[in-house]
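The values are calculated or read from the model by the stated rules, or taken from the named source; none is laboratory data. Please read all numbers here as calculations on a predicted model, not as lab measurements. Neighbour counts are summed over all protein chains in view; Cβ atoms, including those assigned to glycine, are modelled from backbone coordinates with ideal geometry.
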């Protein structure tokens, strides 16, 4: 494990939320996409459900956003990357 970086779920979650915040503030993406990113953040930050449930809920929101025909390519790529990161949470 020399030099290997092992991230905790909390660190991964913070990183995911940071990227979602950037997307939520990106004025080059439509308002509904920014609103959806904020909804996904709120789901992930809710402490009333288990992490896997919060992650799945956020993934559903993000999947709908990724399939929006009005989302620019860079926004879709960011969402796909976030969805991949959510799948690593346990």
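Every condition in (1) surrounded by fewer than 18 Cβ atoms within 10 Å (Cβ to Cβ); (2) at pLDDT 95 or above holds for residue 87 except the one numbered (2). Close Cβ contacts (under 7 Å, 6 or more residues apart or on different chains) running from residues in the range 1-19 that are on the phi < 0 side of the Ramachandran plot and modelled with pLDDT of 90 or more to residues that are surrounded by 11 or more Cβ atoms within 10 Å (Cβ to Cβ) and in a loop (DSSP other than H, G, I, E, B) comprise 12/88; 12/89; 13/89.
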